[in-house]
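The structure under discussion appears below in the form of structure tokens.
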Amino acid sequence: MVDTKTCSPALRGLRVDLSEGSAAHEELPAEIRRTILGGRGLGAFLLFGERAYNVNPFAPSNPLILSIGPLTGTAAPSAGRYSLTSRSPLTGTIFDGNSGGGFGSALRRLDLDYLLVTGACSEPSYLYVDDHEVRVLPAADLWGLEVQAALARIDGLHDPCEAIVIGPAGERGVLFASVAANRGRHVGRGGLGAVMGAKRLKALVLKPPDTAP
């Protein structure tokens with residue numbers, strides 16, 4: 001007989017402060033997983049926990065949250081999606097966008113349920129995460145590049161990897177700027193590309209262990 005009182009494992013996250021150049025792993029109690037629904041619910045829960053409802057969307061303290069659901073990275077149909085959550089510069093409200101591709105599965109392969117980014121870089125940079133380290137790397141040579149050129153440059157540096165990037169629109173704070181990944185996938189609407197631009201964050205790069213997804 002199934003024990004319905006048994007909780008699923010704790011939610012595992014990585015918190016990165018770009019202003020401080022610091023990163024720390026953290027866990028949320030297993031009970032939280034039972035009260036929220038998937039990556040979208042997790043992103044909203046974390047954003048409210050950061051009290052982002054009173055934050056200017058372009059302020060360094062506005063969190064950028066990548067989150068996935070319990071089926072992401074499994075063999076379930078359409079289970080490769082991830083959510084990107086922040087306070088929208090376009091509407092001033094909480095915004096959640098989602099996209100497919102390999103980025104969500106890469107987060108799972110790094111044994112993470114979410115990645116929470118706060119602060120802002122002092123110069124154009126990108127965030128690199130693998131199973132050994134977290135680094136904020138210079139992106140002066142990537143800043144100003146269109147999406148496909150930036151993705152190609154990152155692939156050349158870190159192949160194989162999964163990355164999401166912004167283009168010139170996000171860098172310049174266009175209120176509807178999207179966040180793009182390989183194979184033409186985008187987190188559109190809401191302007192979360194402009195949130196990355198305000199953080200001077202050109203890209204997020206995940207390099208999971210060399211195992212099958």
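The values are calculated or read from the model by the stated rules, or taken from the named source; none is laboratory data. Just so you know, these numbers come straight off a predicted model, no measurement behind them. Here the Cβ positions follow ideal geometry from the backbone for every residue, glycine too, while neighbour counts run over all protein chains shown. Keep in mind that these areas ignore ligands, DNA and RNA; they rest on the heavy atoms of the full protein, side chains included. Shrake-Rupley method; radii C 1.70, N 1.55, O 1.52, S 1.80 Å.
Taking only the C-alpha atoms of segment 83-154, the Rg (one decimal) and the largest Cα-Cα distance, Dmax (whole number), read 14.1, 38 Å.
Cα centroid distance between segment 1-80 and segment 134-167, in Å? The two parts, judged by their Cα centres, are 25 Å apart. Near SER88: Cβ cut-off under 10 Å, other residues only, Lys/Arg at +1 and Asp/Glu at -1. The net charge is +1. From most to least packed by mean Cβ count within 10 Å, the peptides 127-138, 95-106 give 95-106, 127-138.
Calculate the FRET efficiency for GLN148 and ARG34 from the Cβ-Cβ distance with a Förster distance of 35 Å, rounded to the nearest 0.05.
According to the calculation, E is roughly 0.25.
Please state, rounded to one decimal and in Å, the Kirkwood hydrodynamic radius that segment 125-213 gives when every pair of distinct Cα atoms enters the mean of 1/r. Don't jump to the answer; show the numbers that get you there.
On the way: mean 1/r = 0.0771 Å⁻¹.
Roughly 13.0 Å, rounded to one decimal.
Per residue, the chain reaches -6000 deg cm²/dmol at 222 nm when only DSSP H runs of four or more residues are counted, each adding -39500 (n - 2.57). Surface listing: SER19, SER67 arranged by accessible area from highest to lowest gives SER19, SER67, probe 1.4 Å.
Scale the Cα Rg of segment 1-143 by the rule-of-thumb value 2.2 N^0.38 Å and send over the ratio, two decimals.
Values: Rg = 15.7 Å, N = 143, 2.2 N^0.38 = 14.5 Å.
After normalising by residue count via 2.2 N^0.38 Å, the value is 1.09.
Projected onto its three principal axes, the C-alpha set of segment 63-107 covers 36, 16, 16 Å, listed from the longest axis down.
A Stokes-Einstein calculation at 25 °C with viscosity 0.890 mPa s, built on the Kirkwood radius of segment 5-80 over Cα pairs, returns a diffusion coefficient of 176 µm²/s.
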